[in-house]
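Written out below as structure tokens is the structure these notes cover.
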Amino acid sequence: MTTTVKLGNRVRVSVISALLGALTLLMFCVSLAVGEFQLGLDEVVAALGGVGDYSTLLVVQELRLPRALVGLLVGLAFGLSGALFQSLTRNALASPDLIGITGGANVVVVAGTALGLGSGLGVPLLALLGSLASAFAVYTLAWKRGTTGYRIVLVGIGVQAVCTGATSYLLLRLGVYDAQGAMVWLTGTLNARDFGHVAWIGVAVAVLLPPTLLLRRWLDALQFNDDTATGLGIPVQRARLSLGLIAVGLAAVATAAAGPVVFVALVSPQLALRLCRSATPPLLASGLAGALLLLVSDLIARTLLPAELPVGVVTGVVGAPFLLWLLARANRANAG
């Protein structure tokens with residue numbers, strides 16, 4: 001009976017993942033077709049193969065394709081990172097934008113802008129360094145003969161608060177022009193993305209995705225308490241550190257490519273979990289849900305609003321009520 005249930009769960013996860021993948025591919029093509037210069041899906045597919053007139057090829061290959069690719073890869077990375085954090089901490093509220101990971105990137109990027117280091121690849125490098133430094137601070141402060149998900153979340157929320165305060169102070173020290181540019185990045189944006197950003201996030205995802213899937217057994221075992229996981233032959237602290245570093249790396253490169261796009265890493269794993277009806281957020285489905293969410297949000301930000309806005313504005317509007325719902329649900333569970 002148990003084997004049959006497990007097989008049924010795996011089939012459901014596979015089917016949902018395939019459906020999310022198909023929807024993501026469709027939305028990717030739609031994002032290449034929709035804009036001030038409208039195209040048909042057949043024209044988009046032909047242009048991706050190098051067939052079409054000059055205007056069509058320019059719009060698809062040079063203007064829209066890099067943005068869509070960055071959106072897809074950033075959403076995938078945030079979704080995977082959120083699934084890892086929520087599984088490691090066994091907490092639905094754990095995501096890189098709530099436990100200090102993206103907060104560290106914000107501080108270092110704004111500080112670098114104040115020092116004139118925000119041009120070219122300066123912002124991605126600063127964001128990566130800031131995320132890693134913040135993650136190191138959270139892990140070190142949460143260490144007490146090992147780490148637990150509860151301590152990581154509590155310490156992370158504190159680190160995020162400190163980073164938010166430091167970022168606000170640094171913004172006040174910037175000139176008006178630099179502060180405006182920093183605020184756009186802090187909101188999370190896919191504007192002006194090129195193939196340099198695609199290469200940056202693409203290589204990072206290609207490197208981090210295989211170990212994420214290979215260490216799935218460790219992640220499943222960590223859903224039990226530490227004694228049970230140890231009894232199953234899992235090196236608990238080494239597994240938590242390894243998977244945590246992968247989660248931090250995914251969040252860091254996503255933030256470096258598009259800024260701290262809020263709530264994607266929080267919402268995507270919970271959406272995938274409920275669609276798949278699994279005990280923990282399924283990794284691949286979470287990543288695909290993140291990619292789909294970001295592509296849809298970017299399309300809304302570009303075309304359906306009175307003025308084009310950064311994509312983080314739309315994800316914030318969607319994610320904030322979801323966060324309040326999770327908090328209310330957790331409160332009811334504790335009361336029960």
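A few comments on the model shown:
- If the condition is being open to solvent by 10 Å² or more (accessible area, probe 1.4 Å) and hydrophobic (A, V, I, L, M, F, W, C), then segment 53-87 contributes Leu57, Leu58, Val59, Leu63, Leu65, Leu69, Leu72, Leu73, Leu76, Phe85.
- Of all residues in segment 25-52 being more than 19 Å from Ala192 (Cα to Cα) and among the acidic types (Asp, Glu), the one that is surrounded by the fewest Cβ atoms within 10 Å (Cβ to Cβ): Asp42
- Condition check for Pro269: part of a loop (DSSP other than H, G, I, E, B), out of contact with any Lys or Arg (no Cβ under 6 Å at 6 or more places or on another chain) and either closer than 23 Å to Ala135 by Cβ or not acidic (Asp, Glu) (or both): no
- Residue match in segment 79-100 (condition: of a type in the set (Phe, Trp, Tyr), assigned to a helix (DSSP H, G or I) and at pLDDT 90 or above): yes
- Residue tally, condition closer than 18 Å to Gly316 by Cα and more than 13 Å from the chain's Cα centre (by Cα), over segment 282-299: 4
- Looking across segment 169-187, just one residue is part of a helix (DSSP H, G or I), free of Cβ contacts under 8 Å to residues at least 12 places away in the same chain and either open to solvent by less than 60 Å² (accessible area, probe 1.4 Å) or under 14 Å from Ile101 (Cβ atoms) (or both), and that is Ala179.
- All positions within segment 1-24 that are modelled with pLDDT of 90 or more and surrounded by 15 or more Cβ atoms within 10 Å (Cβ to Cβ): Arg12, Val13, Ile16, Ser17, Leu20, Gly21, Leu23, Thr24
- Single residue of Gly103, Gly112, Gly116 found to be modelled with pLDDT under 95, open to solvent by 40 Å² or more (accessible area, probe 1.4 Å) and either in contact with a helix residue (DSSP H, G or I) (Cβ under 8 Å, 6 or more places away or on another chain) or assigned to a loop (DSSP other than H, G, I, E, B) (or both): Gly116
- All of Ala229, Ala247 fail the test of being in a helix (DSSP H, G or I), crowded, with 17+ Cβ neighbours inside 10 Å and at pLDDT below 90, apart from Ala229.
- Residue within segment 290-300 that is at pLDDT below 90, open to solvent by 10 Å² or more (accessible area, probe 1.4 Å) and either closer than 28 Å to Ala206 by Cα or touching a strand residue (DSSP E or B) at 6+ places or on another chain (Cβ under 9 Å) (or both) present: no
- Every condition in (1) surrounded by fewer than 19 Cβ atoms within 10 Å (Cβ to Cβ); (2) in contact with a Leu (Cβ under 9 Å, 6 or more places away or on another chain); (3) in a helix (DSSP H, G or I) holds for Val198 except the one numbered (1).
- Failed item, numbered, when Pro260 is tested on (1) in contact (Cβ under 8 Å) with a residue 60 or more places away in the chain; (2) in a helix (DSSP H, G or I): (2)
- Among the criteria (1) more than 17 Å from Gly71 (Cα to Cα); (2) part of a helix (DSSP H, G or I), the one Phe224 does not fulfil is (2).
The values are calculated or read from the model by the stated rules, or taken from the named source; none is laboratory data. All of these numbers come straight from a predicted model, not from anything done at the bench. Positions of Cβ are generated from backbone atoms using ideal geometry, with glycine treated the same way; all protein chains shown enter the neighbour counts. Remember, those area values only see protein heavy atoms, side chains included, never the ligands or the DNA or RNA. Shrake-Rupley method; radii C 1.70, N 1.55, O 1.52, S 1.80 Å.
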